[in-house]
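Encoded as structure tokens, the structure appears first; notes follow it.
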Amino acid sequence: QEVRTYFDALDAPLLDVRLVDHALEPDLAKELKVRDNGYVALVRGEGEDQQVERIKIGTEFDKAKRKLKKLDAEVRESVLRLSRGKRTAYFTVGHGEMYWDKDIENKRQLKNIKKVLKALNYKVKELGLAEGLGNEIPEDAHLVVILGPTGPFLPEELKALDTWRAKGGNLL
């Protein structure tokens, strides 16, 4: 009931709110990959273009209290992911850049930046010579990030980055 009240208050022309029992709608539950009750499924699109964000709340109020306190933030993040579509951010590697690996010293770790990008619906990947940086930037790249390299880039890598940037690529 707490969750229903939250969504009833969101009055928008493009928003369709439905309360569904997964046992009574097995095909829909399977399509949305919801295994039991206690989930909120936010859906955008249909068929192959369909995107689904699931938020597990639970069915017992006492256990769900903590999750309900964060519901607004989780819904906001999910809606943001759905509205932006999937994007890919590449981080250059192989030149001593800052990185998210635990083996890197703390001041050069990027754990939080990776988390923020994932929350913004970015897939985060590495980009080095093995991934084609010496030739061209991958076609699915929306953003290439170079953070704090301590070593030089090869001329071929610089050329690929410059060509991509000249074509309108986003480079940080």
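Within region 79-96, the set of residues being within 27 Å of L127 (Cα to Cα) and in a helix (DSSP H, G or I) comprises L80, R81, L82, S83, R84.
Only residues that are assigned to a strand (DSSP E or B) and of a type in the set (D, E): list them for region 123-147, please. First the steps, then the outcome.
Taking region 123-147 first, the residues assigned to a strand (DSSP E or B) are 123-127, 141-145.
The one that is assigned to a strand (DSSP E or B) and of a type in the set (D, E): E126.
Pairs are defined by a Cβ separation below 6 Å, a sequence spacing of at least 6 or placement on different chains, a first member in region 13-38 that is closer than 21 Å to D49 by Cβ, and a second member that is among the β-branched types (V, I, T) and open to solvent by less than 60 Å² (accessible area, probe 1.4 Å); the pairs so defined are L32/V52.
So that you can scan it fast, the table gives a plain yes or no per residue for (1) open to solvent by less than 90 Å² (accessible area, probe 1.4 Å); (2) at pLDDT 90 or above; (3) on the phi > 0 side of the Ramachandran plot; (4) part of a strand (DSSP E or B):
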position: D21; (1), (2), (3), (4): yes, no, no, no
position: L24; (1), (2), (3), (4): no, yes, no, no
position: D27; (1), (2), (3), (4): no, yes, no, no
position: D36; (1), (2), (3), (4): yes, no, no, no
position: E53; (1), (2), (3), (4): yes, no, no, yes
position: T59; (1), (2), (3), (4): no, no, no, no
position: D62; (1), (2), (3), (4): no, no, no, no
position: K67; (1), (2), (3), (4): yes, no, no, no
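Counting the residues of region 38-51 that are open to solvent by less than 60 Å² (accessible area, probe 1.4 Å) and either under 23 Å from N121 (Cα atoms) or part of a helix (DSSP H, G or I) (or both) gives 6.
When you scan region 119-132, how many residues do you find that are open to solvent by 40 Å² or more (accessible area, probe 1.4 Å) and at pLDDT below 85?
Residues in region 119-132 being open to solvent by 40 Å² or more (accessible area, probe 1.4 Å) and at pLDDT below 85: 1 in total.
Taking the conditions (1) of a type in the set (A, V, I, L, M, F, W, C); (2) at pLDDT 90 or above; (3) open to solvent by less than 40 Å² (accessible area, probe 1.4 Å) in turn, L158 satisfies each one other than (3).
Take the residues of region 96-118 that are modelled with pLDDT under 80 and among the polar types (S, T, N, Q): which is farthest from P149 (Cα to Cα)? Walk me through how you get there before you give the answer.
Restricting attention to region 96-118, the residues satisfying the condition of being modelled with pLDDT under 80 are 100-111.
After this cut, where a residue has to be among the polar types (S, T, N, Q) as well, the list is 106, 109.
Working: N106: 16, Q109: 13 Å.
Checked region 96-118; the qualifying residue farthest from P149 (Cα to Cα) is N106.
Scanning region 69-95 for residues that are open to solvent by less than 70 Å² (accessible area, probe 1.4 Å) and modelled with pLDDT of 90 or more yields a count of 7. Beta carbons closer than 6 Å, at least 6 apart along the sequence or on distinct chains, pair a first residue in region 137-153 that is in contact (Cβ under 8 Å) with a residue 12 or more places away in the chain with a second that is open to solvent by 60 Å² or more (accessible area, probe 1.4 Å) and outside any loop (DSSP other than H, G, I, E, B) for H142/R87; V144/L171.
The values are calculated or read from the model by the stated rules, or taken from the named source; none is laboratory data. Bear in mind that the values here come from a model prediction, so they are computed numbers and not experimental data. When we count neighbours, we look across all protein chains shown, and the Cβ atoms used for this are built from the backbone with ideal geometry, even at glycine. Just so you know, the surface numbers come from the protein's heavy atoms only, side chains and all, with ligands and any DNA or RNA stripped out. Shrake-Rupley method; radii C 1.70, N 1.55, O 1.52, S 1.80 Å.
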